[in-house]
Amino acid sequence: MEFLYKVVRFLIKCMFCVVSVGPIPSHIAFIMDGNRRFAKQRNMKVGAGHEAGYFALMSMLIHCSELGVKYVTAYAFSIDNFKRRTEEVECLVDLMTEKFESWCREDSIVNMFGIRVHFSGNLQLLSEPLRDAAKKLTAATVGNSRVFLTLCVAYTSTNEIVRAVEKSCEEKWAEDQESSVINLSDIEKRMYMVIAPDPDIIIRTSGENRLSNFLLWQSAGSCLVSTSAMWPEISFWHLIWAVLNFQRYQSLLKKKL
Ligand SMILES: CC(C)=CCC/C(C)=C/CC/C(C)=C/COP(=O)(O)OP(=O)(O)O
């Protein structure tokens, strides 16, 4: 078993060397889809599917960090997810609260890997314990700088855009009532995602090709990669495949110039 593990680690290292010859994306975003189908296919409870999804996110984070990807974004809970059955919403909320609280510890995985956590979304819609855990985690990881992880929670892109436009109007009007012209940079400055560059790659699992109200503003130039694997099944190889696709897309762009 130990031998097999060593062989896999060696292969992973070789692949890292191969992809490092080309440009490494600075920002990868994930639409983590298929947790419930993964659970159903295995006669597991829905909660177990989401828990498996959590471990898949951890493994992607570690691979991204080893690959030198600076920004990672994950769509963890959309505003529309509040419409799901109460038990499922509670289960996801409990899972996130528990993990965020544990990530605050000094020896947690996020601190070990130098991951700074940021939240994108309307946190006012969350229960108080989850909102507090998210705020505590943001503060607890503020000194980390190896990877910037943005978790989209209570997020939809349309909500982000409307909020940024509203804030721009209010703040510009308060600044100067004579000329309150709003431009692109006024809106972008007020987006939740202002902390990260636009994603180079968006990976969606479970065979779907839709963006489902995720990073609509930021994805104009992103390379979209869809895989039929359910989110808990995502592996290092899917990540490498996405990066190779991105590199091919980059070289095509260069040829066009
Ligand atoms: C602590 C932390 C950040 C945990 C994250 C856990 C996690 C992976 C959440 C994603 C939840 C979600 C709505 C997935 C979509 O699959 P789905 O439920 O829609 O599955 P389906 O497409 O098969 O119905």
Legend entry - Choice from 77, 55, 119 showing the highest fluctuation, given a GNM over the chain with Cα pairs closer than 10 Å: 55
Legend entry - Residue-level accessible surface for residue 175, protein heavy atoms, 1.4 Å, Å²: 140
Inset, instruction - Amide H neighbours of residue 229 under 5 Å, at least 5 residues apart or on other chains, H built in the peptide plane: list them. - result: 206, 207
Legend entry - Loop-located trypsin sites (Lys or Arg not before Pro) in region 146-192 whose Cβ has at most 16 other Cβ within 10 Å (DSSP): 146
Legend entry - Largest-first ordering by accessible area, 1.4 Å probe, given options 147, 181: 181, 147
Legend entry - Protection proxy ranking of 109-116, 7-14 - average other beta-carbon atoms within 10 Å, highest first: 109-116, 7-14
Legend entry - Per-residue ³J(HN,Hα) for region 173-189, Karplus 6.51 cos²θ - 1.76 cosθ + 1.60, θ = phi - 60°, Hz, x for Gly and Pro: 5, 5, 5, 8, 7, 7, 10, 10, 7, 9, 10, 4, 5, 4, 6, 4, 4
Inset, instruction - Under 1.5 on a/c is rounded, so check that first for region 163-233, then, if it is not, pick prolate when a/b is larger than b/c and oblate when it is not; a ≥ b ≥ c are the square roots of the alpha carbon gyration tensor eigenvalues. - result: prolate
Inset, instruction - List the lysines whose Cα lies under 28 Å from the Cα of residue 40, skipping any in the same chain that are fewer than 8 positions away. - result: 83, 99
Inset, instruction - Averaging sequence separations of C-alpha pairs under 8 Å and six or more residues apart, then dividing by the length of the chain, give the relative contact order as a whole percent. - result: 26
Inset, instruction - Show that you can apply the helix-only estimate: for the chain, add -39,500 (n - 2.57) for every DSSP H stretch of four or more residues, divide by all residues, and state [θ] at 222 nm to the nearest 500. - result: -16000 deg cm²/dmol
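The values are calculated or read from the model by the stated rules, or taken from the named source; none is laboratory data. Note that the structure is predicted; figures quoted are calculated from it, not measured. All Cβ positions, glycine included, derive from the backbone under ideal geometry; neighbour counts span all protein chains shown. Accessible surface is based on the protein model in full, side chains and every heavy atom, while ligands, DNA and RNA are left aside. Shrake-Rupley method; radii C 1.70, N 1.55, O 1.52, S 1.80 Å.
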